[in-house]
Amino acid sequence: EKAGFDHFMLKEIYDQPTAYRDTMGSRISGENDQVVLNEIKMTDEEIKSIDRVHIVACGTAYHAGLVGKNVIEKLARIPVETDVASEYRYRSPIITKNTLVIVVSQSGETADTLAALREAKRQGARVIAITNVVGSSVSREADDVITTWAGPEIAVASTKAYTSQLIAFYLFGLYLAQKLDTVEADEVKKVIAALQELPQQVESILEQAEQIKTVAEKISLHNNLFFIGRGLDFSVVLEGSLKLKEISYIHSEAYAAGELKHGTLALIEEGIPVIALATQEDVFEKTVSNIEEVVARGAYVLGVNQEGNEELAKVVNESFTIPRTLDVLSPALSVIPLQLLSYFASLARGNDVDKPRNLAKSVTVE
Ligand code: F6R
């Protein structure tokens, strides 16, 4: 079942190019210039009436929702809030019939997410579920379902489900943009073309896994570290940090890079590892200056950026590049080295990679 891999997690990391292709599948049509989501039954009028979006999920799915917020706001220009499901219900969110609630759940059985879905429906919102399990509770109760075609995910640490959720958000964001006319047709075409390059770009990252393994073995000797990034990179480092915590048991914190100097910089000392994402071109220079702040205090830095920019490599101890893509799509690439980093760090520490202590694959109690 592990198809020759040592662990399900590693197999699932390598399943990602296929998962991307399957999730995009027949949803891109025409001359590769249109997103078609037949599973969305909303009328054009209903879509035009949406005045806010709430994305609700737990854990890794929540992190996909943070990217989803950025994607929908950018492409469809509708205000979006992303919440963890265990908080959402208890903070009296403002839900009207013009609210679109998107719940994200790999298993479709997470108790808090399901309860949030029910509450949203009770208050009259339209609910879309992004889930990996056809026929799951969440898929049965939502008004519309966008299935991620990642295939069964066995390892407790989610990898291909997360990235397939990102693909679902890209498709849905483009779908809304077409309906609402918020993005020029040429631009939509450009994003679709870049989306379709992702699977092969993931393959090329996976070919460089050894490079990440070397860094992972070094950081596996530490008990504390930091992840930093700005914009979408911040959303991705939150996921990278969670992944590392759950399977390597190394404590880490993910910080918005510009926020370091408001307190956290006090914890940066000689030799502490810092994983820095700098894939967002519009804030690249600012991120590099944040990286320089930790370098100056002796941190051991792994920097990740898009290829073709040599500037970051000059500043950091270790550098890793992802293939060039649109900034908005970079999470679908930049998370891959972070998944590999967690996997190899967990392995180096002799942990049970697929079944970390205290955790269950599906959390069906509140
Ligand atoms: C982390 C992880 C969890 C799940 C969370 C939600 O790797 O897997 O954080 O993402 O428990 O699960 P689903 O998506 O099944 O609702």
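Close amide H pairs (under 5 Å, H built 1.01 Å from N) link Tyr300 with Gly271, Ile272, Val274, residues at least 5 positions away or on another chain. Set the bar at 21 Å for Cα to Cα. Now go through Lys286/Lys314; Lys11/Lys361; Lys41/Lys179; Lys11/Lys160; Lys74/Lys160 and name every pair that lies beyond it. Violating the 21 Å limit, Cα to Cα: Lys74/Lys160. Projected over every direction and averaged, the convex hull enclosing the alpha-carbon atoms of the range 1-155 yields 9.9 nm².
Summarising the amide proton neighbourhood of Ala254: residues at separation of 5 or more, or on other chains, whose placed amide H is nearer than 5 Å comprise Phe227. Sorted from greatest to least, the principal axis extents spanned by the alpha carbons of the chain come out as 57, 44, 44 Å. Based on DSSP H segments of at least four residues, each scored -39500 (n - 2.57), the chain has a per-residue ellipticity at 222 nm of -14000 deg cm²/dmol.
Sequentially through the range 311-325, phi angles give Karplus couplings (6.51, -1.76, 1.60; θ = phi - 60°) of 5, 5, 4, 6, 9, 9, 7, 10, 10, 9, 10, 9, x, 5, 8 Hz, Gly and Pro residues having no value and appearing as x.
Its relative contact order, with pairs defined as Cα atoms under 8 Å and 6+ residues apart, puts the chain at 19 percent.
Once the Cα atoms are used to define both axes, helix 331-348 deviates from the longest principal axis of the chain by about 50 degrees. Between helix 232-248 and the chain, what is the angle of the helix's C-alpha long axis to the longest principal axis, kept within 0 to 90° and rounded to the nearest 10? Result, in degrees: 70. Compute the long axis of helix 284-295 from its Cα atoms, compare it with the longest principal axis of the Cα atoms of the chain, and write down the angle in degrees, 0 to 90, nearest 10. The angle comes out at about 40 degrees. Averaged over its residues, the range 259-342 has an accessible area of 37 Å² per residue, based on protein heavy atoms and a 1.4 Å probe.
Pick from Asp354, Asp15, Asp181 the residue whose mean-square fluctuation is largest in a GNM of the chain, springs joining Cα atoms under 10 Å. Checking each option, the largest mean-square fluctuation is seen for Asp181.
Under a 5 Å amide H cut-off, with hydrogens placed 1.01 Å from N, Gln34 pairs with Ser29 among residues at least 5 apart or on other chains. Ordering 145-151, 355-361, 339-345 by mean Cβ neighbour count within 10 Å, with the highest value first, yields 339-345, 145-151, 355-361.
The values are calculated or read from the model by the stated rules, or taken from the named source; none is laboratory data. Please read these numbers as outputs of a predicted model, since none were measured by experiment. Cβ: placed from backbone, ideal geometry, glycine included. Neighbour counts: every protein chain shown. SASA here: full protein model, heavy atoms, side chains in, ligands and nucleic acids out. Shrake-Rupley method; radii C 1.70, N 1.55, O 1.52, S 1.80 Å.
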